[in-house]
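Following: one structure in structure tokens, then a few remarks.
The values are calculated or read from the model by the stated rules, or taken from the named source; none is laboratory data. Being a predicted model, the structure only gives us computed values, none of them experimental. Don't worry about glycine lacking a Cβ; one is built from the backbone with ideal geometry, like all the others, and counts go over all protein chains shown.
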Amino acid sequence: MGLVVLLLIIGVPIAELYVFVQMSHAIGFFASLVVLAAVSVVGGWIVRRQGLRVWRRFNEQVRQGSVPSNEIVDGALLLLAGAMLLTPGFITDALGILLLLPPVRLAVRAYVNRRARRRGVATATYSGPLPRSGPFSPHGVIDVGSDDRD
């Protein structure tokens with residue numbers, strides 16, 4: 001895993017630089033900069049818009065009393081898409097734009113859910129009153145006056 005991260009840290013910037021040079025030769029240096037800036041601005045706007053939609057779905061699921069697991073994964077994927085769109089480079093922009101597409105997010109979410117199930121992620125919920133410890137009365141509050149103390 002550490003080797004993969006190291007290769008990504010080294011490989012992605014090199015690949016981004018290569019693609020930027022190729023795009024600069026094809027459409028010009030300043031045009032390449034304008035395209036990168038425009039994709040970041042438009043992508044940020046789309047991420048914000050879709051993020052608000054996911055936030056509304058999240059709140060609706062919570063109001064209905066169900067676990068908003070799909071919305072949590074969608075929110076994380078949108079956060080990743082936003083980070084990729086803000087990172088300068090054509091490759092990360094392309095990956096960020098792909099994550100903005102709902103069918104792609106659905107496929108990635110299904111993959112994440114399969115991986116989580118395979119790893120045996122366990123959750124538990126408790127809906128009753130919290131367990132008590134110590135000498136508490138099950139009948140509620142016991143009011144003690146100042147002259148009742150030792």
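Quick notes
- Test: residue in region 16-34 that is out of contact with any Cys (no Cβ under 8 Å at 6 or more places or on another chain), surrounded by 16 or more Cβ atoms within 10 Å (Cβ to Cβ), under 23 Å from Ala116 (Cα atoms) and touching a residue at least 24 places away in the same chain (Cβ under 8 Å): no
- Helices (runs of 4 or more DSSP H) contained in region 20-132 and holding at least 2 residues at pLDDT below 95 and over 27 Å from Ile9 (Cα atoms): 29-63, 69-86, 102-119
- Restricting attention to region 80-93, the residues being surrounded by 14 or more Cβ atoms within 10 Å (Cβ to Cβ) and either touching a Cys at 6+ places or on another chain (Cβ under 9 Å) or free of Cβ contacts under 8 Å to residues at least 24 places away in the same chain (or both) number 3.
- One residue stands out in region 94-116 among those that are within 19 Å of Ala37 (Cα to Cα) and not small (Gly, Ala, Ser): the one that is surrounded by the fewest Cβ atoms within 10 Å (Cβ to Cβ), namely Leu98.
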